[in-house]
Amino acid sequence: MNKVLIIGAGGVGTVVAHKCAMHPEVFNEIVIASRTKSKCDAVAKAIGSDRVTTDRVDADSVDELVELFNRHRPDIVINVALPYQDLTIMEACLQCGVNYLDTANYEPKDEAHFEYSWQWAYRERFEKAGLTAILGCGFDPGVSGVFTAYAAKHYFSEMQTLDIVDCNAGDHGKAFATNFNPEINIREITQNGRYYQDGKWVTTGPLEIHAPLTYPNIGPRDSYLLYHEELESLVQNFPTIRRARFWMTFGQEYLTHLRVIQDIGMARIDEIEYNGVKIVPLQFLKAVLPNPQDLGENYHGETSIGCRIAGLDKEGKPMTYYIYNNCSHEEAYRETGMQAVSYTTGVPAMTGAMMFLTGKWVKPGVHNVEEFDPDPFLAAIAENGLPWHEIINEPLEVDKI
Ligand code: NDP
């Protein structure tokens, strides 16, 4: 009997719960727990299965988490709350002997900065406890790392350049909205850009470097160089890579809103006093922006996320490789009530937990997804709504930038 505990009942948590419920042979019992229990209850009601139960937890508190884990005794926790809770949840997992999976690396609340060092520091403790922690198992990070591992395993003797390309060509009909938690999203995009070149990290201004890239079934879209967390682990796990970059598309309308939000101070993450109450402007902004979970109904178009890799093939000849998935917002909504950004994150998170529970991704310690066998994972995401495609030895565009 396997039991999974999902923490977080937002857009991603909703998709994870729906997808786990579709596999009773793997996830015999499902518990959804979050800060607001009514949201968990709504998800459970939409699924309508007596195998799904709900609970309440403040995941900032290790004590509350330990009580929750002792009450339910899950085999694995899928953490789809916010990156701020990663360390408290990992700590509680160690105290209670529970395995762990997340989709975003730890970020302190008071500093817009993310890196793996905080979570990698738990490696020895998880290993000694015989517990597996799977880090960054959404789409990017997540499938992007597994795509890279698949390319290394099946095609390349030496990967030299990696460009992860993330396009959302969807239209939700709102003047401005973010596709996942607005606070996390805006913190990520307004930071400096960063990429890896010949053993060093090169810093750029926020959204300074951009170029049009052509996405399958979509066409050309302005794509902006951002720093993204999977670059940190991928260049360590695949040391032949000499240049690694991450690109994301944004429309002009979105960027104009973002600039105004920054210029008027609404992207600030420090506390200010307003009418005798302390508020964080970015958290206040989140409260008035559209809820990403409510965007699905009128969302049209699709996302396209993939890896463009160049290097030497198994015979030592130059080769290029592009592996990607396109996901329709409408189809994601029809299946789970959520748009494609939540869907493309939730399906890999469910799949990673499935890999663990079926014994394919069991490795005591703390690991990024590219350290596991990519084959069963990629077969499973294709069967669970995220089919992927390959383009071999065609121009990658990115070599010209
Ligand atoms: P949402 O804001 O929609 O949902 C977050 C959920 O976590 C809410 O249910 C929220 O509860 C709950 N939560 C927040 N704080 C706590 C707490 N202290 N204790 C318990 N529950 C808490 O976010 P998303 O669903 O859009 O994103 C979830 C995660 O997925 C984020 O970490 C995000 O960074 C990551 N992500 C990863 C991607 C990838 O490809 N790897 C892509 C997109 C997202 P409440 O409703 O009460 O606020």
(message) Cβ-Cβ distance below 8 Å, separation of 6 or more or different chains: which pairs start in region 194-221 with a residue that is farther than 22 Å from Tyr254 by Cα and end on one that is outside any strand (DSSP E or B) and not charged (D, E, K, R)?
(response) Tyr195/Tyr227; Tyr195/Leu231; Tyr196/Leu231; Tyr196/Val235; Tyr196/Ile241; Thr203/Asn192
(message) Criterion first (at pLDDT 95 or above and of a type in the set (Gly, Ala, Ser)) does Ala92 satisfy it?
(response) yes
(request) Please go through region 226-268 and pick out each residue that is in contact (Cβ under 8 Å) with a residue 12 or more places away in the chain and β-branched (Val, Ile, Thr). (result) Val235, Thr240, Ile241, Thr249, Ile261
(message) Between a residue in region 345-364 that is in contact (Cβ under 8 Å) with a residue 12 or more places away in the chain and any residue that is among the hydroxyl-bearing types (Ser, Thr, Tyr) and within 16 Å of the ligand (Cβ to nearest atom), which pairs come within a Cβ distance under 9 Å, given they are 6 or more apart or on different chains?
(response) Thr345/Thr103; Gly346/Thr14; Gly346/Thr103; Gly346/Thr336; Pro348/Thr103; Ala349/Thr103; Gly352/Thr103
(message) Test of understanding: among Thr14, Thr36, which residue is within 12 Å of the ligand (Cβ to nearest atom) and surrounded by fewer than 16 Cβ atoms within 10 Å (Cβ to Cβ)?
(response) Thr36
(message) Looking only at region 69-89, count every residue that is more than 12 Å from the ligand (Cβ to nearest atom), under 18 Å from Cys40 (Cβ atoms) and either in a helix (DSSP H, G or I) or at pLDDT below 95 (or both) and tell me the total.
(response) 3
(request) Please tell me if Asp55 is touching a Phe, Trp or Tyr at 6+ places or on another chain (Cβ under 8 Å) and surrounded by fewer than 18 Cβ atoms within 10 Å (Cβ to Cβ). (result) no
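Please return the ranges of helices (runs of 4 or more DSSP H) entirely within region 207-311 where 1 or more residues are basic (Lys, Arg) and within 22 Å of the chain's Cα centre (by Cα).
Values: elements: 230-237, 252-263, 281-288.
Those helices (runs of 4 or more DSSP H) span 281-288.
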(message) Looking only at region 272-292, how many residues end up being surrounded by 13 or more Cβ atoms within 10 Å (Cβ to Cβ) and farther than 14 Å from Asp110 by Cα?
(response) 7
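Answer yes or no: is there a residue in region 90-102 that is within 10 Å of the ligand (Cβ to nearest atom) and in a helix (DSSP H, G or I). Break it down into steps so the answer makes sense when it comes.
The initial filter retains those residues of region 90-102 that are within 10 Å of the ligand (Cβ to nearest atom), namely 102.
With in a helix (DSSP H, G or I) added as a condition, the list becomes none.
No; the residues of region 90-102 include none that is within 10 Å of the ligand (Cβ to nearest atom) and in a helix (DSSP H, G or I).
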(request) Take region 41-67 and flag every residue that is part of a helix (DSSP H, G or I), more than 14 Å from the ligand (Cβ to nearest atom) and closer than 15 Å to Asn28 by Cα. (result) Ile47
(request) Having 2 or more residues that are away from the ligand (no atom under 14 Å from the Cβ) and within 21 Å of Ala310 (Cα to Cα) is the bar; report the strands (runs of 3 or more DSSP E) wholly within region 122-201 that clear it. (result) 156-168, 193-197
(request) Output the qualifying pairs, or none if there are none: Cβ atoms under 8 angstrom, residues six or more apart or on different chains, first residue in region 169-191 and surrounded by fewer than 19 Cβ atoms within 10 Å (Cβ to Cβ), second residue of a type in the set (Asp, Glu) and assigned to a helix (DSSP H, G or I). (result) Ala175/Glu253; Phe176/Glu253
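The values are calculated or read from the model by the stated rules, or taken from the named source; none is laboratory data. Note that the structure is a prediction, hence the values are computed from the model and not measured. Using ideal geometry, Cβ is built from the backbone for each residue, glycine included, and neighbour counts are taken over all protein chains shown.
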